[in-house]
Amino acid sequence: MNACATAILEEYPDIVFSYGFSDEYSFVFKKTSKFYQRRASKLLSLIVSFFSSVYVMKWKEYFPEKELKYPPSFHSRAIGCASKEVLQAYLAWRQNDCHLNNLHDTCLWMLIKGGESESEAQKLLKGTQKQHKNELLFQKFHINYKNLPAMYRQGSCIFKTEVEENVKYNENGTPVKRLRRKARIVHSENIAGKKFWNEHLSLLKEVGGFTEDVEKIKPEFVRSFQFENKLMPSTWIVIRIDGCHFHRFSEVHEFEKPNDKQALNLMNSCAVAVLEEIQDIIFTYGVSDEYSFVLKKDSQFYQRRASEIVSVTVSFFSSMYVMKWKEFFPQKELKYPPSFDGRVVCYPSSKILLDYLAWRQVDCHINNQYNTCFWMLVKKKGKSKSEAQHYLKGTQAQEKNELLIKEFGIDYNELEIMFRQGSLAFWQKEDKNMPHESKGSVQNSHKKVIVEHCDIIKPNFWEAHPSILDENLPIS
């Protein structure tokens, strides 16, 4: 977790401080940050996506003998701290939770290891105060809680400080040194105290100092600043995720242009995994580095809280992308963690939802037709990228089709359908005859996710798939 948080600070310079314990981390952006124009959905989805990808990539570094059996996922939320005092109260609250949870868990597991069942241990600890737990650890297990590793008791802080590094060597062998900002991990008993912040000039410079120590933890006060966007009931929820800087990602990993079939199949495989993981998603459509996930109209997934829905979907997709990389690119190293951002939109009627899906498929066609022409001009005609862009500027679909046929002998309509129309995945119901001792056989319905490539704009697609209609996605 600490290594992943460190990677986050190194990747995003607007993050000036982070604090974490157990399976959670908080990242503090500088007050003047304009990152993604301060759009909460973009911020939280991008951070949780990158964190998830790094977590999977670093797994073997920390657990070389353990297999990562399934993709981890995290959910996130945004809190706007209106002042330094609110930030201070938030940090005090999280560190207090770290201490209380760790003290309880230490007692719990010592009791279980001592022979108690989990329910018995929970019963023994119910209603006990900190002092009682400390005495229990010391008297029964000879453990002084204060001597346990600080990371367990206090959590971990990460922030950047200036360090001197050798950047090169002169001809005579003497090093040339420069100051570089590097993330460092610190454990402190009171991260919200004046003393801690005054000891670290980088924090004073980026955030400012605290004038008073926190006397009383006020979780409800902090929660009042939490941004909670509950989505409108009885509407279609659409989560759209997009690859972040995937032009560069595709170049670094040498994806085939204009379409890399394996890269698209990797995206499709991740989308199928999301459908299998999140049962409320009934349909998904994807093209290139984007995917749209449609949740059923009456979904209560995460009580329809936008931040949790978006972040957990993006997180799971990102983890799965890294885990499945070798399955689709066995000869290629994943050189750095991919990341995706997400957003959520509610559509009140099926007609508007189908308009949205039609828009995405039309975009698929327009972009793929352009990219096919562009890369043929670059690869076959030797044009530079800027020359190819200039050549295609203002051309219509018919002109592009004629260019492909006349110059390259390519009938656009004969190109692989996945490239032209994108990919859709949905639940398909299957009826199977199952043996029965007295009745011979009975019908047993079960579902599986299938992937197809076809025109989703025309009504006959929906008519041909009644299993989707069973999930209340009507034709019109």
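The values are calculated or read from the model by the stated rules, or taken from the named source; none is laboratory data. Worth saying up front: this structure is predicted, and the values here are computed from it rather than measured. Ideal geometry is used to build each Cβ from the backbone, glycine not excepted, and the neighbour counts take in all protein chains shown. Only protein heavy atoms, including side chains, enter the accessible area calculation; ligands, DNA and RNA are left aside. Shrake-Rupley method; radii C 1.70, N 1.55, O 1.52, S 1.80 Å.
Looking at the stretch 455-474, I want the residues that are at pLDDT 75 or above and have a partner that is of a type in the set (Val, Ile, Thr) and buried (at least 16 other Cβ atoms within 10 Å of the Cβ) with Cβ atoms under 7 Å, at least 6 apart or on another chain. Which pairs are those?
What qualifies is 462/468.
Considering only residues that are surrounded by fewer than 14 Cβ atoms within 10 Å (Cβ to Cβ) and at pLDDT below 95, which ones fall in the stretch 101-116?
Within the stretch 101-116, 113, 114, 115 qualify.
Does residue 240 satisfy the condition of being buried (at least 17 other Cβ atoms within 10 Å of the Cβ) and closer than 30 Å to residue 82 by Cβ?
Considered against the rule, which asks whether it is buried (at least 17 other Cβ atoms within 10 Å of the Cβ) and closer than 30 Å to residue 82 by Cβ, residue 240 comes out as no.
Given the conditions (1) touching a Pro at 6+ places or on another chain (Cβ under 8 Å); (2) not in a helix (DSSP H, G or I), and given that residue 115 satisfies all but one, which numbered condition is not satisfied?
In the conditions (1) touching a Pro at 6+ places or on another chain (Cβ under 8 Å); (2) not in a helix (DSSP H, G or I), residue 115 misses (1) alone.
Return a yes/no flag: does the stretch 66-86 have any residue that is in contact with a Gly (Cβ under 7 Å, 6 or more places away or on another chain), within 29 Å of residue 220 (Cβ to Cβ) and open to solvent by less than 30 Å² (accessible area, probe 1.4 Å).
Scanning the stretch 66-86 turns up no residue that is in contact with a Gly (Cβ under 7 Å, 6 or more places away or on another chain), within 29 Å of residue 220 (Cβ to Cβ) and open to solvent by less than 30 Å² (accessible area, probe 1.4 Å).
Residues are listed down the side, and each one gets a yes or a no for (1) hydrophobic (A, V, I, L, M, F, W, C); (2) under 30 Å from residue 239 (Cα atoms):
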{"position": "353", "(1), (2)": "yes, yes"}
{"position": "370", "(1), (2)": "no, yes"}
{"position": "375", "(1), (2)": "yes, no"}
{"position": "380", "(1), (2)": "no, no"}
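Collect the residues in the stretch 152-168 that are part of a helix (DSSP H, G or I) and either among the hydrophobic types (A, V, I, L, M, F, W, C) or open to solvent by 80 Å² or more (accessible area, probe 1.4 Å) (or both), keeping them in residue-number order.
Across the stretch 152-168, the qualifying residue is only 152.
Filter the stretch 22-58 for residues that are small (Gly, Ala, Ser) and within 17 Å of the chain's Cα centre (by Cα) and give the result.
Passing the criteria: 26, 40, 41, 45, 49, 52, 53.
Could you please find all residues in the stretch 230-245 being over 22 Å from residue 274 (Cα atoms) and in contact with a strand residue (DSSP E or B) (Cβ under 7 Å, 6 or more places away or on another chain)?
232
I need every pair where a residue in the stretch 149-162 that is without any contact (Cβ under 8 Å) to a residue 12 or more places away in the chain has its Cβ under 9 Å from the Cβ of a residue that is buried (at least 19 other Cβ atoms within 10 Å of the Cβ) and of a type in the set (D, E, K, R), sequence separation at least 6 or different chains.
Going by the 9 Å Cβ cut-off, there are no qualifying pairs.
Here is a check on your reading of the model: is residue 25 part of a strand (DSSP E or B), open to solvent by 20 Å² or more (accessible area, probe 1.4 Å) and closer than 25 Å to residue 151 by Cα? First the steps, then the outcome.
Numbers: part of a strand (DSSP E or B): yes; open to solvent by 20 Å² or more (accessible area, probe 1.4 Å): yes; closer than 25 Å to residue 151 by Cα: yes.
Here the answer is yes, as residue 25 does meet what is asked.
Report yes if residue 55 is part of a helix (DSSP H, G or I), within 26 Å of residue 246 (Cα to Cα), open to solvent by 40 Å² or more (accessible area, probe 1.4 Å) and at pLDDT 95 or above, otherwise no.
Answer is yes for this residue.
In the set 269, 234, which member is on the phi > 0 side of the Ramachandran plot, in contact (Cβ under 8 Å) with a residue 12 or more places away in the chain and of a type in the set (Ser, Thr, Tyr)?
234
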